[in-house]
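The values are calculated or read from the model by the stated rules, or taken from the named source; none is laboratory data. It should be emphasised that the depicted structure is a prediction, and the values quoted were computed from it without experimental measurement. For neighbour counting, all protein chains shown are included, and Cβ atoms are generated from backbone atoms with ideal geometry for every residue, glycine included. With ligands, DNA and RNA removed, areas are computed over all heavy atoms of the protein, side chains included. Shrake-Rupley method; radii C 1.70, N 1.55, O 1.52, S 1.80 Å.
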Amino acid sequence: MKHFFNFLIFNVLFASCNSQTDIKNQSPNSESKPLNIVYIMADDHAYQAISAYGSEISKLAPTPNIDRIAVGGAIMNSVFCTNSICGPSRASILTGNLSHVNGFYKNVNGGDFDGSQQTFPKIFQENGYQTAVIGKWHLGTTPTGFDYSKVLVNWGGQGTYFHPQFSINGKEKVKEKNRHSTKVIEDDCIDWLSSRDTTKPFMLMYQFKVPHRDWRPDSIYHDLYSDFDFPEPSTFNDEYGGRIAASENMMEIENHLNRRDLKLIAPSGMSRRDSMQWLSYGDNGQFWTPNDTLQGMELKKWKYQKYIKDYLRCIAGVDRAVGTLLDYLDSNGLTENTVVVYTSDQGFYLGEHGWFDKRWMYEESFKMPFLVKNPRLIKPGTKSNELIMNIDFGATLLDFAGIEVPKNIQGKSFKAVFENDNFIGRDAVYYHYYEYPKWHKVQPHYGIRTSRYKLIHFYYSLDTWELYDLENDPNEMNNIYSEASKELIESLKSRLADLKKEYKDDFSIEEMKLMTDTVIQRVYNEPSKWKNKN
C-alpha cells in the first residue's frame with residue numbers, strides 16, 4: 001500500500017510540474033499600459049480584524065489603509081482557503097493546485113516546497129514582467145520565478161519580529177539589527193519599486209510575518225489600545241457540545257497560550273535552554289498564572305486581553321505599511337495601472353470558540369480576507385458573495401493582466417465577477433487539512449461548503465461527521481448531522497464526492513491517514529549558524 005501510494009503521489013506531482021500549457025501574453029488594452037500587480041499578504045490576519053468587514057472588534061481597532069482597497073475596489077465576502085495552515089496555503093496560492101497535487105500539504109514533517117513546478121509568478125516572468133517577493137516565504141526552498149527575492153529565513157523559516165534574518169536571491173544573507181520586521185519589509189518594498197526597470201510591468205508579492213504567533217508589535221504601538229478592553233466574542237466560552245473533534249483541541253486561550261505569548265520574562269540566572277522551556281510552559285495545557293490571585297474566568301479574560309491587544313497592535317503596523325504602498329502608487333502615477341490585492345494565508349481565531357490559531361474548517365479559520373482594487377477593472381465599492389478558493393488567486397491575477405491561464409491548474413479566474421452581474425461561479429468550495437497532532441491537535445478532516453451548508457468529515461482517529469446550517473447557525477454551535485434530513489445529507493455527500501473526484505483527492509481513508517503519518521524532514525534555507533539564535 002505504501003509503495004502504491006507513494007507512486008500515485010509522485011505521478012500526480014510529476015504531471016503537475018511537467019504538463020505545462022503554452023503561455024502567450026495577450027495583447028494589453030490598446031488604450032493603456034499593461035497592468036502591474038501588487039499582491040499583499042499578511043500571515044494569520046483574520047477577516048474580523050479588518051474594519052472593512054464590519055466586525056465589532058475592528059470598529060475599536062480600525063484598519064483605514066487596508067480599507068482604502070475595499071473603498072476603491074472590491075471586498076470579497078466568501079473567499080476560502082483549501083488547507084488552513086501557512087505553508088500549504090501559500091503553496092496552493094502559488095501553484096493554483098490543492099495540497100495533495102502541489103505536494104506541500106503539511107508544515108510539520110511535510111518536506112519543503114518543490115520550486116521546480118509551475119507557479120503564477122513564473123508565468124508573469126515568462127511574459128515580460130519583473131517579479132519580486134519580499135518578506136515571509138515559509139516554504140523552505142529558495143523562491144523561484146522571481147527576478148528578486150528577499151525572504152525571512154530564521155526561526156524555521158517563520159522569521160522573527162526583531163532581528164529578522166533574510167536571504168537575498170538565495171545567496172546573500174543579511175540580519176536586521178534595528179527595525180521591526182514589518183518596517184524592514186515596508187522599506188524594502190518601496191526600495192524595490194523605486195529601483196525597478198520602469199520600461200517593464202511588475203508583479204510584486206509583498207508579504208508580512210505579522211500577525212503570526214507570538215504577536216510582538218513594533219515599540220511605537222506598545223501603548224495602543226491600553227486605555228480600554230476589547231469585548232469577548234459571543235462564543236468565547238464555547239463548551240464544544242456535539243463536536244467531538246473540537247473538544248480535543250489544544251488551542252484554547254484559557255489553557256494553551258504560553259508565557260512567551262503573553263510576554264512574561266524568564267527569571268534571571270537561567271540557562272538559555274531552561275529559559276526557553278520556562279517561556280514555552282503552557283503549550284501542552286499546563287496551568288500557569290502571572291500571580292496567585294488571578295484565577296478562573298478572570299485569568300482567561302486577562303489572557304485574552306493580552307493576546308488580542310498585541311495581535312491588533314501588530315496589525316496596526318501592517319496597516320501603516322499598506323498605506324505607504326498605496327501612497328507610493330498614488331504619488332508615482334501608478335494607481336490607475338496597478339491591481340492591488342490584500343489578503344492573508346488563512347483566517348484566524350480572535351477568541352471565537354475560546355481559541356487562537358487556525359486549521360479548522362470552521363468559518364473563522366476557513367474564511368480569508370480578500371480585498372482588491374484597480375480603477376480600470378473594478379467599480380469602487382463592489383461587494384461580492386461569490387464562492388472563491390485560494391487556488392483561484394493566481395488564475396485571476398493572470399487574467400487581470402491579459403495572460404492566458406494554464407489549463408492544467410485547478411484554480412479558476414473570478415475576473416468575470418467584476419464584469420458581469422449575472423456571473424455564476426462555484427456552487428461549493430472544498431477543504432482538506434492533514435497535519436496531526438502537532439501543533440494544536442486538530443483532527444485531519446475534509447469537507448464541502450455551499451452558500452448555506454457546511455459538511456465536514458473528521459477521519460483520522462475519529463470517524464465523525466458534522467453539518468452546519470450557516471443561515472440559521474452562523475457561529476457553528478449546533479451540529480445538525482444527526483437530525484438533518486436524509487435527502488440533505490445525501491445531496492451534500494454526493495456533491496462532496498464529485499468535488500473529491502474533480503480535484504483528484506478521492507483517496508481511501510487509509511491513504512489519507514498515511515499522508516498524515518508520513519515524515520519528510522524539512523531542510524529550510526536557513527544558515528546553520530543562525531538557527532535558534534535571535
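Looking at the chain, do any whole DSSP H helices span at least 18 angstrom along their long axis by alpha carbon and average -1.0 or above on Kyte-Doolittle, and which?
Helix filter hits for the chain: 2-18, 181-195, 296-331, 486-502.
Counting only residues 5 or more places away or on other chains, whose amide H sits under 5 Å from the amide H of Trp355 once H atoms are built in the peptide plane?
Residues meeting the amide H criterion: Ile253.
Please list, by residue number, every one of the trypsin sites (Lys or Arg not before Pro) in region 438-484 that is coil in DSSP and has at most 13 other beta-carbon atoms within 10 Å.
Lys438, Arg452
Quick one: accessible surface of Thr144, probe radius 1.4 Å, all protein chains present, in square angstrom to the nearest 10.
Estimated to the nearest 10 Å², Thr144 gives 50 Å².
Loop-only GluC sites (Glu not before Pro) in region 372-467, please: DSSP not H, G, I, E or B, and at most 12 other Cβ atoms within 10 Å. Don't jump to the answer; show the numbers that get you there.
Working: sites: Glu386, Glu404, Glu419, Glu435, Glu466; in loops: Glu386, Glu404, Glu419, Glu435.
Taking region 372-467 and a limit of 12 other Cβ atoms within 10 Å, the loop GluC sites (Glu not before Pro) found are Glu419.
Would you mind getting the accessible area per residue of region 112-163, heavy atoms of the protein chains only, 1.4 Å probe, in Å²? Don't jump to the answer; show the numbers that get you there.
Values: 1300 Å² over 52 residues.
Accessible area per residue, region 112-163: 25 Å².
Determine which residues of region 391-431 fall in the zone a paramagnetic label at Asn337 would reach in this model, i.e. backbone nitrogen under 18 Å from the point 7 Å along Cα→Cβ.
400-403
Quickly work out the Tyr281-to-Asp327 label distance, labels modelled 7 Å from Cα along the C-beta direction, and quote it in nm with one decimal.
Taking the two extended label points, one gets 4.5 nm.
Take the Cα of Thr382, step 7 Å along the line toward its Cβ, and report every residue of region 37-52 whose backbone nitrogen sits under 17 Å from that point.
Answer for this model: 37-40.
How much solvent-accessible surface does Lys379 expose, in Å² to the nearest 10, with a 1.4 Å probe and all protein chains in place?
Its accessible surface works out to 150 Å², give or take rounding.
Enter the accessible area per residue of region 195-268 (Å², integer; probe 1.4 Å; all protein chains in place).
With the other protein chains kept in place, region 195-268 gives 46 Å² per residue.
Sequence-distant or interchain residues sharing an amide H contact under 5 Å with Thr131, placed H: which?
Answer set, sorted by chain and number: Asp147, Tyr148, Met203.
Could you sort out which of Lys150/Lys407; Lys59/Lys175; Lys209/Lys263; Lys106/Lys501 sit more than 26 Å apart by Cα distance in this structure?
Lys150/Lys407; Lys59/Lys175
Using only helices, what value at 222 nm comes out for the chain when you add -39,500 (n - 2.57) per DSSP H run of length 4 or more and divide by the total residues, to the nearest 500 deg cm²/dmol?
One gets -9000 deg cm²/dmol as the mean residue ellipticity at 222 nm.
How far apart, in nm, are the 7 Å Cα→Cβ label points at Asp427 and Ser234?
3.0
Quick one: longest stretch of the chain between exposed loop chymotrypsin sites (Phe, Trp or Tyr not before Pro), exposed meaning at most 12 other C-beta atoms within 10 Å and loop per DSSP?
Numbers: sites that count: Phe228, Phe287.
Looking at the chain, 288-534 is the longest stretch - no exposed chymotrypsin sites (Phe, Trp or Tyr not before Pro) with at most 12 other Cβ atoms within 10 Å.
Could you tell me the distance between the Cα centroids of region 265-328 and region 206-255, to the nearest Å?
So the two Cα centres are separated by 10 Å.
Work out how much length Ser494 to Tyr481 would gain on full extension: take 0.36 nm times their residue separation and subtract the Cα-Cα distance, in nm to one decimal. Present the calculation step by step, with values, prior to reporting the outcome.
Working: separation 13, 0.36 × 13 = 4.68 nm, distance 1.52 nm.
Contour length minus Cα-Cα distance gives 3.2 nm.
Say R0 is 22 Å: what FRET efficiency, to the nearest 0.05, do Lys441 and Lys504 get from their beta-carbon distance?
Working: r = 28 Å, r/R0 = 1.29.
Working from the Cβ atoms, E equals 0.20.
Calculate one ³J(HN,Hα) per residue across region 431-446 by plugging θ = phi - 60° into the Karplus curve 6.51 cos²θ - 1.76 cosθ + 1.60, and present them in order as whole Hz with x for glycine and proline.
3J(HN,Hα) across region 431-446, in whole Hz: 9, 8, 10, 10, 6, 6, x, 5, 9, 10, 6, 9, 4, x, 7, 9.
With the full set of protein chains in place, find how many percent of the accessible area of the chain is carbon and sulfur; take the probe as 1.4 Å. Write out the running numbers ahead of the final one.
Working: 10530 of 21350 Å².
The computed percentage sits at 49.
For region 364-390, list residues with backbone N below 19 Å from a point placed 7 Å from the Cα of Ser451 toward its Cβ?
Hits in region 364-390 for Ser451 at 19 Å: 367-368, 382-389.
What is the extension gain from Lys407 to Lys175, computed as 0.36 nm multiplied by their sequence separation minus the C-alpha to C-alpha distance, in nm to one decimal?
79.4 nm
Let me know the shape class of the chain, please: from the alpha-carbon gyration tensor, a ≥ b ≥ c as square roots of the eigenvalues, rounded when a/c is under 1.5, otherwise prolate if a/b is greater than b/c, or oblate.
Rounded is the answer for the chain, as its axis ratio a/c remains below 1.5.
I want the antiparallel fraction of DSSP beta bridges within region 122-280, as a percent rounded to 5.
40
Could you go through region 340-354 in sequence order and give the Karplus-derived ³J(HN,Hα) for each residue, using 6.51 cos²θ - 1.76 cosθ + 1.60 with θ = phi - 60°, rounded to whole Hz, and x for Gly and Pro?
Per-residue couplings from phi come out as 10, 10, 10, 8, 9, 6, 5, x, 6, 9, 10, x, 4, 6, x Hz.
Please calculate how many Å² of accessible area region 401-453 carries per residue, with a 1.4 Å probe and no DNA, RNA or ligand atoms counted.
Per-residue accessible area for region 401-453 comes out at 43 Å².
Of all DSSP beta bridges in the chain, what percent run antiparallel (nearest 5)? Walk me through the numbers before you get to the answer.
On the way: 33 of 61 bridges.
Of all bridge pairs located within the chain, approximately 55 percent are antiparallel.
Return the sequence-ordered ³J(HN,Hα) values of region 210-216 in whole Hz as given by the Karplus equation 6.51 cos²θ - 1.76 cosθ + 1.60 applied to θ = phi - 60°, using x for Gly and Pro.
Per residue, the Karplus-derived 3J(HN,Hα) values read 5, x, 5, 3, 10, 6, 10 Hz.
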